[in-house]
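The values are calculated or read from the model by the stated rules, or taken from the named source; none is laboratory data. Please read all numbers here as calculations on a predicted model, not as lab measurements. Here the Cβ is made from the backbone with ideal geometry for all residues, glycine too, and neighbour counts use every protein chain on show. Heavy atoms of the whole protein, side chains included, go into the accessibility calculation; ligands, DNA and RNA do not. Shrake-Rupley method; radii C 1.70, N 1.55, O 1.52, S 1.80 Å.
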Amino acid sequence: MSQLVTLHEFIVRKQRDFPFASGELSRLLNDIALAAKIVSNDVRKAGLVDHILGAQGGQNVQGEDQQKLDVVADQAFINAFQNGGEVCGIASEENDDFLAFESQSAQNANYVVLFDPLDGSSNIDVNVSIGTIFSIYRRLSTCGTKAERQDMLQQGTAQVAAGYVLYGSSTILVYTTGNGVNGFTLDPAIGEFFLSHPDMQIPENGRLYSVNEGNLNDFDPQLRSYLAYCQTTANQTGKPYSGRYIGSLVADFHRNLIKGGIYIYPAVPSAPQGRLRLLYECNPLAFIAEQAGGLATDGKKRILEIQPTELHQRVGLYIGSKKMVEKAMGL
Ligand code: AHG
Ligand code: MN
Ligand code: MN
């Protein structure tokens, strides 16, 4: 008899570890898995169906061109949350402001979700891996009322759960509830996620560095000297470090999580606060990195301890293997 464990079964088993758990978070995680399957199916059809591939014709609040799939994915997750009834409000990259759901059942819900519906959307048209990143918090506002801005602007340390879905050579969902990191691969034939990567740990010292080297001249001297170190110093394999940069944060992060490595996107003149968004890109991945034994900082301080002030706030990001992040920070 095989030992296959579905995501649903895994979530149920974990809930039993907490005898007083109400099941709301379990149901929310299952809602996310459902939306992930819908988006995965859409991603697999990109290029075949006109309403999926290409530019949407608008821009998001950050002035970036929206792809049709950005909007399709955003709506798939919002629908799953509204139907599921465990979420009182959301914030996402594709919505200028947060959304407070109107229905009474939503107002009675205890959670908010912040998410990047499609990360790496410039890679959609060229068939390169993309993903979804999500972060879950308990609301601070009173249950039974509409979600408020304060529910969205919580420090990363307050995350109840976080994860990502990578639509790559297979579709994988990786998440943490603060008790380790586990990954589940989608079997597309039957539409089930199965536990494929139990208790994920990031190697303490990897061999890969991921950075947009086109920005090299804008990096500060410390980062330039760290990259020169990576390019010239033999690591444990006897060879210099290898550069790997996909341009989808979620895919670069996933590879480095498994193989060991560092991803760096610092503040640069073209993005003076950094390029990546604190609430729905950096915080969820930082929670996962720490749970897997890695580190995530803005180059100076821990990502999870930054107090957010804006929904689409950007920060620098140094994330990955513990020893590599420490070295890149000059520690
Ligand atoms: P998004 O597609 O959600 O806007 O995110 C894009 C991000 C991230 O995925 C990626 O690592 C980074 O932008 C790439 O930026 P550069 O093209 O400047 O390297
Ligand atoms: Mn993104
Ligand atoms: Mn995005």
Per residue, how much accessible area does the chain have with a 1.4 Å probe, in Å²? 43
If you line up the long axis of helix 221-232 against the longest principal axis of the chain, both from Cα atoms, how many degrees apart are they, to the nearest 10? 80
In 10 Å bins starting at zero, report the fraction of Cα pairs in the chain per bin as a rounded %. 6, 27, 35, 24, 8, 1, 0
Residue of Val160, Val39, Val49 that the Gaussian network model of the chain assigns the largest fluctuation, springs spanning Cα pairs under 10 Å: Val49
Looking only at the chain, where both bridge partners belong to it, what percent of the DSSP beta bridges are antiparallel (to the nearest 5)? 80
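Could you tell me what percent of the accessible area of the chain is made up of carbon and sulfur, with a 1.4 Å probe and every protein chain present? Don't skip to the end; give the middle numbers.
Values: 6920 of 14290 Å².
Within the chain, the accessible surface is 48 percent carbon and sulfur.
Using 0.36 nm per residue of separation minus the Cα-Cα distance, give me the extension gain between Arg16 and Val49 in nm, one decimal.
7.6 nm
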Fully extended, how many nm does the chain gain between Ser242 and Gln3 (0.36 nm per residue separation, minus their Cα-Cα distance)? 82.4 nm
Can you tell me the FRET efficiency between Asn41 and Ala228 if r is taken as the Cβ-Cβ distance and R0 is 51 Å, rounded to the nearest 0.05? 0.70
Of Lys68/Lys259; Lys146/Lys322; Lys259/Lys300, which sit over 30 Å apart, Cα to Cα? Lys68/Lys259; Lys146/Lys322
Which translational diffusion coefficient, to the nearest whole µm²/s, is obtained for region 208-328 from the Stokes-Einstein equation, given a Kirkwood hydrodynamic radius over C-alpha pairs, 10 °C and 1.306 mPa s? 111
One finds, for Asp125 and Gln59 with R0 = 22 angstrom and r their Cβ-Cβ distance, a FRET efficiency to the nearest 0.05 of 0.85
How big is the gap, in Å, between the Cα center of region 1-37 and the Cα center of region 103-181? 16
What angle do you read, to the nearest 10 degrees and between 0 and 90, between the alpha-carbon axis of helix 249-259 and the longest principal axis of the chain? 70
May I ask for the angle, rounded to the nearest 10°, between helix 24-45 and the longest principal axis of the chain, with both axes built from Cα atoms and the value confined to 0 to 90°? 70
